[in-house]
Amino acid sequence: MDFLTEFEAKINVANQSLQKYFAKKENHQMSIYDAMEYSLFSGGKRIRPVLCAACAELFGNAEDVMPFACAIEMIHTYSLIHDDLPCMDDDDLRRGKPTNHIVYGEAMAVLAGDGLLNLAFETVLNHSKASPALTLEALRIIGEAAGAEGMIGGQVIDLESEGKAIDAVTLMAMHVHKTGALIMAAAKVGALIGGGTKEDILNMEKFARYLGVAFQIKDDILDVESSVEVLGKPIGSDQSNEKTTIVTLYGLEQSRKMLEDYTNNAIETLEEYGDRAAFLKELALFLLRRDR
Ligand code: GRG
């Protein structure tokens, strides 16, 4: 199967699983579910669940991974809803559609984010078929990655850096936490649930650390080079929010070189897995070339 066909197939599995886990609750008529559903099914690229599933597959068992992969996508979706709020980045458009708070109001958007964060943990606890020990370890990894030691910590660096010139070390720390933490969690949890050894899990963490930074470098480049039609969100928002980015710090040419270097480093960490890791290597290249 060629890469794009396999990628599509994995996205479909993630979408079907998300639909299943989002299944209507008893009180599903409540409007909170409309707000949660709106963002969970509004055209996300599904990179994190696909990465999680592909890492599980690499180590032989992709059967049990979907509740975890979907939990990570729910947390990612909540972070985007909150990131767009007026008290954060104050964005009106995401994935080509009005942001959650524009449609449902600010208070409901906060609750929709909170609802998705909780649903992530409910999903794992209600649907995991992995052993209790593996399930608990995966939940620990996900909780830590999403929290103040991970994604939220990165968001705090971002908030406190607004309007200031920050140095390269602070910028990289922000990206590794804000964007990288969930991407690393997806890879680590995939390897763990898929049957990888401790060393495999460390290798996947290293791979995803490079991949996460490359992902963010590409995001910063697209913020300058793309258009609102292609990206589905405002471009130039980093500049208007007076944010230091890889591009403001290093310029476009150097940023493109860094993107290539980080992507190559990610691919190199997979060398020992040979052709078994072909999909993950292609995924890294796909993310390098993506246009949205
Ligand atoms: C608890 C108030 C509160 C906030 C939560 C907002 C937040 C913490 C964290 C921000 C996380 C964030 C927005 C990180 C940026 C990562 C990034 C590049 C997101 C875009 O990811 P894609 O391109 O998105 O995979 P799609 O739309 O494809 O799902």
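The values are calculated or read from the model by the stated rules, or taken from the named source; none is laboratory data. Since the model is a prediction, treat every value here as computed from it, not as a measurement. Neighbour counts are summed over all protein chains in view; Cβ atoms, including those assigned to glycine, are modelled from backbone coordinates with ideal geometry. We work out accessible area using only protein heavy atoms, side chains counted, and drop any ligands, DNA or RNA first. Shrake-Rupley method; radii C 1.70, N 1.55, O 1.52, S 1.80 Å.
The table below lists the values:
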quantity: Relative contact order of the chain, pairs being alpha-carbon contacts under 8 Å that are 6 or more residues apart, as %; calculated: 20
quantity: DSSP-loop trypsin sites (Lys or Arg not before Pro) across the range 171-206, with at most 15 other Cβ within 10 angstrom; calculated: none
quantity: Per residue solvent-accessible surface (Å²) - the chain, probe of 1.4 Å; calculated: 45
quantity: Whole-percent carbon and sulfur share, accessible surface of the chain, 1.4 Å; calculated: 53
quantity: Solvent-accessible ranking of Arg48, Arg276, Arg209, largest area first, probe 1.4 Å; calculated: Arg276, Arg209, Arg48
quantity: Cα-projected label distance for Ala173 with Glu253, points at 7 Å along beta-carbon direction, nm; calculated: 3.1
quantity: Solvent exposure, largest accessible area first (probe 1.4 Å, DNA, RNA and ligands not counted), of Cys87, Cys70; calculated: Cys87, Cys70
quantity: DSSP-assigned coil residues among GluC sites (Glu not before Pro) in the range 157-215, each with at most 15 further Cβ atoms within 10 Å; calculated: Glu162
quantity: Coil-residue trypsin sites (Lys or Arg not before Pro) of the range 39-139, DSSP, other Cβ within 10 Å capped at 16; calculated: Lys45, Arg95, Lys129
quantity: Top of Val50, Val169, Val65 by mean-square fluctuation, Gaussian network on the chain, Cα under 10 Å; calculated: Val169
quantity: Estimated FRET transfer efficiency when R0 is 35 angstrom, pair Phe286-Ala107 (beta carbons, to 0.05); calculated: 0.40
quantity: Lys pairs, the range 184-292 - Cα-Cα below 17 angstrom, 8 or more residues apart or on other chains; calculated: 10
